[in-house]
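What follows is a single structure, written as structure tokens, with notes after it.
What follows draws every value from the coordinates through simple rules; no lab data is involved. This one's a predicted model, so the numbers in the text were calculated from it and none came from an experiment. As a convention, Cβ positions derive from the backbone with ideal geometry for all residues, glycine included, and neighbour counts pool all protein chains shown.
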Amino acid sequence: MLVWSRSGRLVLWALFALVFGVLFLAPLAVILLSSLAGQWNGVLPSSLTTAHYGDVLHGSAGDAVKASLVTGFLASALALVSGTWAALSLRLQGHALRRLLGLLFFIPSAVPSVSVGLGLLVAFSNPPLLLNGTVAIVMVAHFVLISAFTFGNVSAGLARLSPDFEQVASSLGARPGYRLWHVTLPLLAPYLVAAFGLSFALSMGELGATVMVYPPGWVTLPVSIFSLTDRGDVFAGAALTMILVVATLALLLGLERVAARASGS
Amino acid sequence: MSEAAVIGARPARVETGKFWILPPAALLALLFFYPLALIARQAFFDDSGMANVAEVTRVLHSRFFLNALINTVSISVAATAGCLIVGLVLALILAFVPFPGSRFVARLIDTFIALPTFLVTLAFTFLYGSAGMLNAGLMEAFSLPLPPVNFLYSSWGVVLAEVTVYTPFILRPLLAAFSLVDRGQIEAASVLGARPLRIVRQVILPAAIPALIAGGSLCLLLTVNEFGIVLFIGAKGVITLPLLIYGKAIQESQYQVACIIAVINIALSLGLFGLYRFAAGRLGA
């Protein structure tokens, strides 16, 4: 304990409550409140309603939820496969090459998302690689942006893995493929699940690259939230944001449980 | 027998093993590095393959580009400073003056990393916007004719939103660093009569410096790249480089101008990424 006096501690806790309340709690609370607001002319809404949720779910929001979930799932699955593959095969490289390639796999996380989208538009707007205007370009954009996070998570997991199990398996004569499938990947499972969850969450909230490349008919949740608020429909925007938040948190909590079970068994 | 099998298998595996990296590397090269190279080509060469210095210099000297560059850098520096101060204060209290439920609160702040950044901007328009709760309250209380609080539609609105969104990125490494600080050392110092501020300065801060540098450089990178917050605030005067690229490419269809600005933005980001890797590498993280 750093501060021994009771009054000193109370002052610090009050400061914490103030900063936490203003910066973190108030925004979440006010989004929830406004998604339920009927009339709002004064400090607080004068009536509450669930009509905004009904409106957005009957409108195009159902499609937006589907577009976000499908994009997030496919992009995260591809990022998981390629990130795990890259992290595992980097271990077979020499020291210098491993460092260089490791850096290159991280670089997509450093480039602004809008520029990633711009690059895809410039590169894939002409045959033979015509992706512009298709759903695939959205998936590719999301894959590029989240691939570094999956790679990083899996690499961190591999670094923490004790090499003993793999060495024992090899000395018992297990072939590399058998060892990978029955020893290394099960040991990595909690990290794989965590990596998948984080990249899914990032994909659900992705806006910068998506607004650059999305085709009509594949509008993700963040894009449709922006178009709602941009034309002044802020309450519907808030309702759709709550749907996005709840979907993201449910996904993360669910996957956390899966990860706990995977590491427990 | 098994030993012989391992010895026999090893050299062969190392040789073919080197090629396993090719599929993911090729995928990344095609989908990321190739488009990046095309941005550079479109920026510096025209359709006939001639270098076009005139257009590049025109954009780099234009008012819209310089304004966006100054906005981006100043917002990023201000937001990072804010994140460092808020993150340090919150982490000090969470780690050294804990209260019932402080672990839960730390996890709650951590989940902000997974939430979309524009959520905070949208919330701020309800809180501090011209028809928001704060202005409505002040106008009712003092019977003012006009909303008195207008910071949201300036750079300060963006800075405050970015402080909320990116403070968790400082908090996480700080809490990890603080968990390694020897509690006995702090107790001994305070029994010997050292005041809390002195303990913070002489014992705790030295342990936090690497986490502050790594977290701060990550914040600089993320705030330079931030798009959603600036787009949602939608203030005419607050245009940053990513927003300018979006505007030029999508709204004005000037792809070449967008590519020139993108080259500068990417160079700035990669420089900050190098700084972050250097800082994180020195820390051993």
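Loop by DSSP (not H, G, I, E, B), at most 16 other beta-carbon atoms within 10 Å: where is the longest site-free stretch of chain A for trypsin sites (Lys or Arg not before Pro)? It works out to A:92-230. Under the simplified labelling scheme, the residue A:66-residue B:156 pair shows an inter-label distance of 4.6 nm, with each label point 7 Å from Cα along Cα→Cβ.
In this structure, the amide hydrogen of residue B:45, modeled 1.01 Å from its nitrogen in the peptide plane, lies closer than 5 angstrom to those of B:52, counting only residues at least 5 positions away or on a different chain. For the stretch A:1-107, chymotrypsin sites (Phe, Trp or Tyr not before Pro) are listed when DSSP marks them as loop and at most 14 other Cβ atoms sit within 10 Å of their Cβ; the list is A:4. Each residue of the stretch A:90-106 was assigned a 3J(HN,Hα) from its phi angle through the Karplus expression (A = 6.51, B = -1.76, C = 1.60, θ = phi - 60°), giving 5, 5, 8, 8, x, 4, 5, 5, 5, 5, 5, 5, x, 5, 4, 5, 7 Hz with x at Gly and Pro. The HN-Hα couplings worked out from phi for the stretch B:166-176 by the Karplus form 6.51 cos²θ - 1.76 cosθ + 1.60 (θ = phi - 60°) are 9, 4, x, 6, 8, 4, 4, x, 5, 5, 5 Hz, whole numbers, x standing for Gly and Pro.
Hey, got the dipole for the protein assembly as shown? About the Cα centre, +1 on K and R Cβ, -1 on D and E Cβ, debye to the nearest 20? Each step should come with its number before you reach the end.
Numbers: 29 positive and 20 negative charges, 288 e Å.
Dipole about the Cα centre, nearest 20: 1380 debye.
Distant-in-sequence amide contacts of residue A:37, defined by a placed amide H-H separation under 5 Å and a gap of 5 or more residues or a different chain, comprise A:49. Our coupling estimate for the stretch A:35-50, obtained by passing each phi through the Karplus curve with A = 6.51, B = -1.76, C = 1.60 and θ = phi - 60°, is 5, 10, 6, x, 9, 9, 10, x, 5, 10, x, 7, 8, 10, 8, 9 Hz, Gly and Pro reported as x. Taking the Cα centre of chain B as reference, the dipole from Cβ charges on Lys and Arg (+1) and Asp and Glu (-1) amounts to some 580 debye. Dipole of chain B computed with +1 at Lys/Arg Cβ and -1 at Asp/Glu Cβ about the Cα centre; of B:276, B:179, B:253, farthest Cα towards the positive end is B:179.
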